[in-house]
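The values are calculated or read from the model by the stated rules, or taken from the named source; none is laboratory data. Just so it is clear, the model here is predicted, and its values are computed rather than measured. Here the Cβ is made from the backbone with ideal geometry for all residues, glycine too, and neighbour counts use every protein chain on show.
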């Protein structure tokens, strides 16, 4: 009887471990997919940050799939796993560094403000701020290295506003889909 109980516990732990591994891989692959999608959807609208809708929706989908403290960073590592092997046509040599920050920020801000199950507006603010880190880092890089970023040269303020707005929209989309699915399960 005791042996059967131990084998049942071991089997359930193994199953739980396998599920966690699948979640980790899924979030990592979502990050890789996000950067490939970003590279392939080169629609010349002339609006900086427009990819934030899809990018942040995928990032937060990953965070909802694997609800761990480091899931945003895992997503960003997935992005970088693709950028290591190919620049995908991006002309920005600093892209691997820049693309890490949205994921890092979505991990760090909830820890700093000690929120586990964040409300709508806090989540939107985190997502928008995380995506707005891209023009912030580009501004720093441009001032330190002289590497030109066209959108910042044309208007130093507009990229901050548009990245914030598109990041907020993508985050809101993921938040809405997640909570609609959660509501359906009840």
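A few notes on this one:
- Each residue in the stretch 155-186 was checked for being modelled with pLDDT under 90 and assigned to a helix (DSSP H, G or I), and 4 pass.
- So residue 47, is it part of a loop (DSSP other than H, G, I, E, B), under 24 Å from residue 161 (Cα atoms) and touching a residue at least 40 places away in the same chain (Cβ under 8 Å): yes
- Restricting attention to the stretch 94-124, the residues being part of a loop (DSSP other than H, G, I, E, B), surrounded by fewer than 14 Cβ atoms within 10 Å (Cβ to Cβ) and at pLDDT 90 or above number 0.
- Subset of the stretch 64-77 that is more than 8 Å from the chain's Cα centre (by Cα) and assigned to a helix (DSSP H, G or I) - its residue that is surrounded by the most Cβ atoms within 10 Å (Cβ to Cβ): 71
- In the condition set (1) in a helix (DSSP H, G or I); (2) in contact (Cβ under 8 Å) with a residue 12 or more places away in the chain; (3) within 20 Å of the chain's Cα centre (by Cα), residue 152 is compliant with all but (3).
- Picking from residues in the stretch 41-51 that are exposed (fewer than 13 other Cβ atoms within 10 Å of the Cβ) and more than 18 Å from the chain's Cα centre (by Cα), the one that is nearest to residue 73 (Cα to Cα) is 42.
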